[in-house]
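The values are calculated or read from the model by the stated rules, or taken from the named source; none is laboratory data. The model shown is predicted, which means the values in this text are computed figures rather than measured ones. Glycine gets a Cβ as well: all are built from the backbone with ideal geometry, and neighbour counts include every protein chain shown. We work out accessible area using only protein heavy atoms, side chains counted, and drop any ligands, DNA or RNA first. Shrake-Rupley method; radii C 1.70, N 1.55, O 1.52, S 1.80 Å.
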Amino acid sequence: MSAPQPGAPGTTPLTPHPSASASDLYGELRPRAFAIAYQMLGSVSEAEDVVQETFLRLHRTLRQDEPIASPRAYVATLATRLAIDQLRSARVRRERYFGEWLPEPLVTEPTPAERAETADSLSLAFLVLLESLSPHQRAAFLLREVFDYAYPEVAEIVGTDVDGARHLVARARARLRDRRPRYHASRRQREELARRFFAAAEQGDLGALEAMLAQDVALHADGGGKVPALGRPMSGRERVARKLAAGFAAFAAYGARLRPAEVNGQPGAMAYDAEGRLVGVIGLGITGDGRVATVHSVFNPDKLGHLAGGGGVGLWSAKWAGRAE
């Protein structure tokens, strides 16, 4: 998703034939528009809204025979500015969110080139970290550091001058310094650790779980007030290991099962209830020394609807209702 797309910096500029239709451009430019919007918003549904509005405006402009010197730049600019506006209003809602807000997960099968691109920048841990930036800082940082736009392009897109763009990126770097996740373990190492991690969790092997966790491991969970979840992040190897063992034991008691998956460019799993309904997605952040540094668990059904079979509350809703009685 976030690998260089046609028309991205460093590639051959998109120069469609004058008769190119909006549908032609949609096929070419939608992946980049969605990538920008999703990494700005951390929400698949909101990103899709931005993409739809972007191409509606592009189509309207083409129908009016207004010249567009660079459709690539037009789409990137519009998607970014719409996402900035959307993020401002989304932040108000997120401040009132029940429990910890986590991004809507992406479960994908990226190409090897895309894996290299998304290993850090698409991870759930990184998207959560981006929430600490202002909308304009986030836009400038992503355009420059993730999508590799030159500073003059960044300035044009976010509506400032080059010095302003450099300042936005510098401020963002300073805020993220030392906190940005770096996942240098090989894909084979990450997949093997994930396999052992989920096996130990399902078997309730507390010792094995602890051995695979980083000392400062952090557990994050998003239930949105609709299913059981942590009220705030939990950290520390022993506490997290005990919580995971207990959680997976309760999960197994309801006949649930896990299926390995790649979640936001990192190893993870999709959780299904006894009736085969998707009830959660779990993503792992694995350090270069082969330890699990973060566990992000998204069980809010509102954040699973975009995944095949997602959105079913399943067993956890029944358990939650039982606790509420």
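Descriptive notes on the structure:
- Charge tally in the Cβ shell below 14 Å around Lys303, where Lys, Arg are +1 and Asp, Glu are -1, Lys303 excluded: -3
- In Å², nearest 10: area of Tyr254 left accessible to a 1.4 Å probe: 100 Å²
- Of the residues Phe299, Phe98, the one with the largest accessible area comes first in the ranking Phe98, Phe299, computed with a 1.4 Å probe on protein heavy atoms.
- Shape summary of the stretch 124-211, radius of gyration then Dmax from alpha carbon positions: 18.7, 57 Å.
- Rounded to the nearest Hz, the phi-derived 3J(HN,Hα) couplings of the stretch 69-76 under the Karplus curve 6.51 cos²θ - 1.76 cosθ + 1.60 (θ = phi - 60°) are 4, 9, x, 4, 5, 4, 5, 4, where x marks glycine and proline.
- Residues Asp85, Asp178, ordered by accessible area of protein heavy atoms at a 1.4 angstrom probe radius and largest first, appear as Asp178, Asp85.
- Normalised by 2.2 N^0.38 Å, where N is the number of residues, the alpha-carbon radius of gyration of the stretch 158-282 equals 1.33.
- Sites Ser134 and Tyr254, calculated FRET efficiency, Cβ-Cβ separation with R0 41 Å, nearest 0.05: 0.45
- Phi angles across the stretch 198-206 convert, under the Karplus curve 6.51 cos²θ - 1.76 cosθ + 1.60 with θ = phi - 60°, into 3J(HN,Hα) values of 5, 5, 5, 5, 5, 7, x, 7, 4 Hz, Gly and Pro given as x.
- Charged-residue dipole, Cβ positions (Lys, Arg, Asp, Glu), the stretch 216-265 about Cα centre, Debye nearest 20: 160 debye
- Solvent-accessible area of Ser235 with every protein chain in place, 1.4 Å probe, in Å² to the nearest 10: 70 Å²
- Estimated FRET transfer efficiency when R0 is 45 angstrom, pair Asp163-Leu62 (beta carbons, to 0.05): 0.85
- His296 accessible area, 1.4 Å probe, all protein chains in place, Å² to nearest 10: 10 Å²
- Solvent exposure ordering (accessible area, 1.4 Å, most first) of Met234, Met40: Met234, Met40
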